Amino acid sequence: MVIMSERKIKVALAGNANVGKSAIFNCLTGLHQHIGNWPGKTVERAIGSLKFKEYEIEVIDLPGIYSFSTFSLEELISREYIAVERPDVVINVIDASVLERNLFFALQLLELQAPIIIALNQVDLARRKGINICEKKLSDLLGVPVISTIAIKGVGIHELIESVIEVVEGKKKIELKRIEYGREVEDRLRRLEDLLSGLKTTYPARFTALKLLEGDEEIKREISFINEKIVSASERYAREIEEIHGEPCFSVISSERYVVASKIAKEVQEIAPAKMSLIDRVDEIIMHKFLGYLIMLIVMFSVFYAIFAFGNFLSAMISDVFETLKPAVLKVEEEILWEGAIGGFVACITLVLPYVLPFYLLLTVLEDSGYLPRIAFLLDNVMHKMGLHGKAIIPLILGYGCNVPACYSCRIMETQRDRLIAAFAVTFIPCTARIIVILGLVASFISMEWAFTLLLIDLAITFAVSRAAFKALPGEPIGLIMEVHSLRVPSINVVVSQTWARLKSIILLVFPIYVIGGTLLAIMYAIGLLRLIEEALAPLTMGWLGLPPIAGALLLFGAVRKELVVAMPAIIFGTIDLSTVFTPIQMLVLAFLTMIYVPCVATYAMLKREFGWKVASYITIFEVAFGLLLSGIFYRLLLFIGL
Amino acid sequence: MKRVGGKLKALAYFLSRYRRSCARRREGVSLKAEAPSTLDEGLEKRVEPGGFVALIDLRVGERAEISFVEGARAIVKRLVDMGLTRGTEVKVLKVAPFNGPIEVLVRGSRLIISRELASKVFVIRKD
């Protein structure tokens, strides 16, 4: 038997957002994929692999972007990856139904001189819109292979891989065409190219020259280390072009690139008038100025309802199973240990599985169907009042389920600044665990109205802090600009594999924290260490907040898992009737404090992963101080009302 | 008040451009080559002052041609990269209620643009 040696090749998927890149990625790699971060960056990186013939192909899904400037981390990461890691093939996924916009990006890939194969995706959708594209012409004009695909149905994927192999084996030649700019730009571009020729730069000479003219800070820095003069020459040229055209040089370059894209698009596509399809009609309705909001409310409500109904059902079932496993007679100390360690494990299962799983599932469905931009459209104005834009509604809603995935979902915001504000706002949203505390303390023993009041106050606080953060953080917001894609039925493959990959990363983060944190605290309690802490905290808890001494320990437990604030007293005092333990005012204050006083440890870990430990710690410190301050005021207000 | 300020700014911007374009004509630099023919047409139209409106001020269904985009570098870059370049035709598809963003058709694709960004894009109405 002959053992064939496997050749490894690297393939990158690049393209605009929402063109079906993930669908192609899934077709190629199936469940052999791993979602993580780019090293040291908070941008999602999806890597997968497949075996084809004697090749082992590593596929990397680059973020969806429109340009290779330095507008966002995603753009920077993508261009660096292509230029430095030099994948064997870059598959440029293009949405055939919006060819012109997608070609703008393809042209930039050409300028990066990457070995490109174009996957002309969603040709079915284009045809429905009356657009017919001639692959051959497109291929000739760009000098790269073009394969038509319908990724959701798996059409054309085989040909795509075949074509990748042919390119790698040299059977298919890629001869990238050169994009000619207007004379004023082209002349200066060539002069810069000449200056750059022979120098060792990260990017190809023409790309570097273009970016110098565009005033790209990063590339300017790189070249200024090599030869200061080239940079000053480029600045002079850029000024000249600006004088001639009467608009900034980068704008001239983008304009002319779009002119080329538009020309190519016109040449290769035939557009027949299409009649309004069913999906267009649906689109009209969900973006309607009245019906749109109604439908949005219904969708949101159903999503919430589905998740909580399903979550409660599943979580009750799982807890019951564990409850039967629990030894019948336990001393208080043992019970606390059990609650801390095993309880942590159970909590993770009963929280993550029933709530986070459906959340992720539905989020992916909403994402993949193209509904999110439409929500952003309808809600942009409301979110503006919070200093955010429309997309931020997603993390905020997710926050009601669990803050951890919600902080993670802040990545859908474009800039780091928006992400940070959104994540900060999210930590004030009462998650399932906090809602359990409010229900367990306030709704059960005081009244439903008070429970709602607390939730409303919390919403107001979220609004206020988010707005304050918006005012306080440096930097200018860019504002909302996003492409709206045709609605589509989400692909099951994409939904399942993405949900699974995201779930995996959350479980790895949360499980150890819950179990270790819970156990440590339980041990501290069992050996009496918490008593000391309780005493140390007494001036705050008893003096400032009017709570019983036990509150000190409860707050520590709550920092690990918020629902322990209501679960622990039940165990410690051996009664479910908490009205024998707390006065109504104490219950209200405790519930209020629990809502805001600190992000739980798992949220902290997620914040740290997304923004670094400094930011995570600042947020935590702020919330502790802010929570204590507000709760103290709240306590005095309640005394004043005389509840 | 704010809107008047915006219009004045637009006028000032237009004047500076007009001077530049005159300078260009004196220099005798041709715009031809690969440059869009729409550029020249755009310039001629722009000679009539007062023709500009902000994209946000268009009504649903109106068509217009983009003249220029103002604002900080990052913002202009983002807008032109999304295809809102000089001479491009746009059509307003929808305006979200409660002073929300607008939806426009540009280059065969639909874009949602927030109110403040859309007020930085100046256009000339098309009949």
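The values are calculated or read from the model by the stated rules, or taken from the named source; none is laboratory data. Computed from a predicted model, the values in this text were never measured in an experiment. Cβ sites come from the backbone with ideal geometry, for glycine too, and all protein chains shown count toward neighbours.
Hey, could you check region A:107-122 for residues that are out of contact with any Ser or Thr (no Cβ under 8 Å at 6 or more places or on another chain) and on the phi < 0 side of the Ramachandran plot and say which is surrounded by the fewest Cβ atoms within 10 Å (Cβ to Cβ)?
Step one: of region A:107-122, the residues out of contact with any Ser or Thr (no Cβ under 8 Å at 6 or more places or on another chain) are A:107, A:109-116.
Then keep just the ones that are on the phi < 0 side of the Ramachandran plot; that gives A:107, A:109-112, A:114-116.
Details: A:L107: 18, A:L109: 23, A:L110: 22, A:E111: 21, A:L112: 20, A:A114: 24, A:P115: 21, A:I116: 23.
Out of the qualifying residues, it is A:L107.
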Q: Tell me which residues, restricted to region A:527-583, are among the charged types (D, E, K, R), crowded, with 20+ Cβ neighbours inside 10 Å and at pLDDT 85 or above.
A: A:E534, A:K562
Q: Considering only residues that are modelled with pLDDT under 90 and crowded, with 16+ Cβ neighbours inside 10 Å, look in region A:44-62 and name the one that is farthest from the chain's Cα centre (by Cα).
A: A:A46
Q. In region A:197-212, what count of residues is obtained for those that are over 18 Å from A:V84 (Cα atoms), surrounded by fewer than 22 Cβ atoms within 10 Å (Cβ to Cβ) and touching a Ser or Thr at 6+ places or on another chain (Cβ under 7 Å)?
A. 0
Q: Any chance you could count how many residues in region A:373-401 are over 18 Å from A:A469 (Cβ atoms) and of a type in the set (K, R)?
A: 1
(Q) Name the residue that is surrounded by the fewest Cβ atoms within 10 Å (Cβ to Cβ), counting only residues in region A:255-282 that are facing chain B (nearest Cβ under 10 Å) and free of Cβ contacts under 8 Å to residues at least 60 places away in the same chain. (A) A:K263
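Helices (runs of 4 or more DSSP H) wholly in region A:259-360 with at least 1 residues that are modelled with pLDDT of 80 or more and in the same structural domain as A:I507 (by TED's automatic domain parsing) - which ones? Spell out how you get there, then give the answer.
Details: elements: A:278-286, A:291-325, A:332-351.
In region A:259-360, the matching helices (runs of 4 or more DSSP H) lie at A:291-325.
To keep it simple, each residue is scored yes or no on (1) part of a loop (DSSP other than H, G, I, E, B); (2) assigned by TED's automatic domain parsing to the domain that holds A:A17; (3) under 32 Å from the mean Cα position of the chain (by Cα); (4) of a type in the set (S, T, N, Q).
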position	(1), (2), (3), (4)
A:A106	no, yes, yes, no
A:A114	yes, yes, yes, no
A:A119	no, yes, yes, no
A:D124	no, yes, yes, no
A:L138	no, yes, no, no
A:I152	no, yes, yes, no
A:L160	no, yes, yes, no
A:I174	yes, no, no, no
Q | Residues within region A:403-423 that are surrounded by fewer than 24 Cβ atoms within 10 Å (Cβ to Cβ) and in contact (Cβ under 8 Å) with a residue 40 or more places away in the chain, tallied | A | 8
**Q.** Selection count where residues are out of contact with any Gly (no Cβ under 9 Å at 6 or more places or on another chain) and more than 14 Å from chain B (Cβ to nearest Cβ), scope region A:463-489
**A.** 5
Q. Which of (1) surrounded by 13 or more Cβ atoms within 10 Å (Cβ to Cβ); (2) part of a helix (DSSP H, G or I); (3) within 14 Å of chain B (Cβ to nearest Cβ) does A:R239 not meet, given it meets every other one?
A. (1)
Q: Within region A:392-431, track down each residue that is modelled with pLDDT of 85 or more, assigned to a loop (DSSP other than H, G, I, E, B) and of a type in the set (A, V, I, L, M).
A: A:I429
Q: Please enumerate the residues belonging to region A:474-530 that are in a loop (DSSP other than H, G, I, E, B), among the β-branched types (V, I, T) and under 30 Å from A:A96 (Cα atoms).
A: A:I478, A:V489
